[in-house]
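Step one of this worksheet: look at the structure below.
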Amino acid sequence: MSKILLLEDDMLFAETIIDLLEENGMEVVHAPNGQAALDKIYQQKFDLYLLDINVPLINGTTLLKELRESDDETPAIFLTSHKDKEILKKGFTCGADDFITKPFDPDELILRITALLKRAKKDDVICVGLLCNDYAHRRILYDNKEVELSKKEYQLLLLLMKHVNNTVPKEMILDTLWSSSEGGSDGALRVYINRIKQLLPQINIENIRGIGYRLVS
């Protein structure tokens with residue numbers, strides 16, 4: 001069952017979409033504003049984001065831009081009443097995969113969601129030995145068993161896997177895991193490295209003193 005985050009502040013409209021998606025075998029988690037959506041994304045993994053643009057606290061485009069900057073590649077569709085080309089351009093620039101303008105045909109929405117989910121599931125599972133990254137479900141597996149990682153632990157381990165046997169500079173890791181407003185630190189990074197080592201004592205992550213970290217296959 002595909003799990004979808006719906007960001008929509010119009011409660012009646014949200015209920016209509018939720019009913020439609022659930023009737024088509026999808027699980028839906030609803031957020032009425034951008035901050036609530038962000039909180040839910042940090043707590044859970046989703047297969048697709050369905051985002052309105054004009055919502056309270058954090059608008060849809062700002063939210064998606066922040067997610068993309070944190071290496072979150074979960075497929076995203078904007079639901080919007082906007083038809084202005086500049087709005088559409090901004091949406092695609094910040095990482096949207098598709099747009100659907102309101103009002104829309106329910107069958108079209110289901111077709112577009114299904115097509116996007118299908119494309120996402122075609123992504124290869126990339127492995128380093130027994131350690132595998134399942135892009136479709138944003139999770140790490142070791143010996144075919146899911147490793148329970150936080151969002152930042154997942155991002156860190158994925159970054160090391162992408163650069164296996166090469167040193168990843170601390171500056172690159174800090175920029176990937178933390179936005180400029182969050183202010184990551186060497187100490188926080190060491191905590192995540194040690195946590196991953198505790199969860200996966202079978203893998204070898206080397207500390208290249210003063211430079212960064214390296215996953216050795």
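Can you give the FRET efficiency to the nearest 0.05 for ASN204 and GLN44, using r as the Cβ-Cβ distance and R₀ = 45 Å? Each step should come with its number before you reach the end.
Working: r = 30 Å, r/R0 = 0.67.
Here the calculated transfer efficiency is 0.90.
Could you give the alpha-carbon Rg of the range 3-121 over 2.2 N^0.38 Å, rounded to two decimals?
0.95
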Rounding to the nearest 10 and keeping the result within 0 to 90°, find how far the Cα-based axis of helix 151-162 lies from the longest principal axis of the chain. 60 degrees
Pick out which of ALA96, ALA115, ALA37 has the largest mean-square fluctuation in a Gaussian network model of the chain, springs linking Cα atoms closer than 10 Å. ALA115
Those aspartates and glutamates that a straight Cα-Cα span of less than 20 Å connects to LYS197, excepting residues fewer than 8 apart in one chain: ASP134, ASP143, GLU146, GLU148, GLU153, ASP186, GLU206
Grab the other residues whose beta carbon is less than 13 angstrom from that of ASN166, score K and R as +1, D and E as -1, and report the net. +1
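Would you work out the charge dipole size for the range 3-121 about its Cα centre, treating the Cβ of every Lys and Arg as +1 and the Cβ of every Asp and Glu as -1, and quote it to the nearest 20 debye?
With only Lys, Arg, Asp and Glu charged at Cβ, the dipole is about 460 debye.
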Among the listed pairs LYS118/LYS170; LYS40/LYS170; LYS102/LYS145; LYS102/LYS162; LYS102/LYS152, which have their C-alpha atoms separated by more than 32 angstrom in this model? LYS118/LYS170; LYS102/LYS145; LYS102/LYS162; LYS102/LYS152
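What's the magnitude of the charge dipole for the range 125-216 around its Cα centre, counting Lys and Arg as +1 and Asp and Glu as -1 at the beta-carbon? Answer in Debye, nearest 20. Intermediate values should be presented prior to the final figure.
Numbers: 12 positive and 10 negative charges, 19 e Å.
My answer is approximately 100 debye.
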Less than 18 Å apart at the alpha-carbon level, and either on another chain or at least 8 residues along: which aspartates and glutamates does that give for LYS65? GLU8, ASP39, ASP47, ASP52, GLU73, GLU86, ASP97, ASP98, ASP175, GLU182
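For the range 125-216, take N as its residue count and report Rg(C-alpha) divided by 2.2 N^0.38 Å.
Working: Rg = 12.5 Å, N = 92, 2.2 N^0.38 = 12.3 Å.
Compared with the compact-globule rule of thumb, the range 125-216 sits at 1.02.
Quick note: the coordinates plus some simple rules give every number you see, no bench work behind them. Please read these numbers as outputs of a predicted model, since none were measured by experiment. Neighbour counts run over all protein chains shown; Cβ positions are idealised from the backbone, glycine included.
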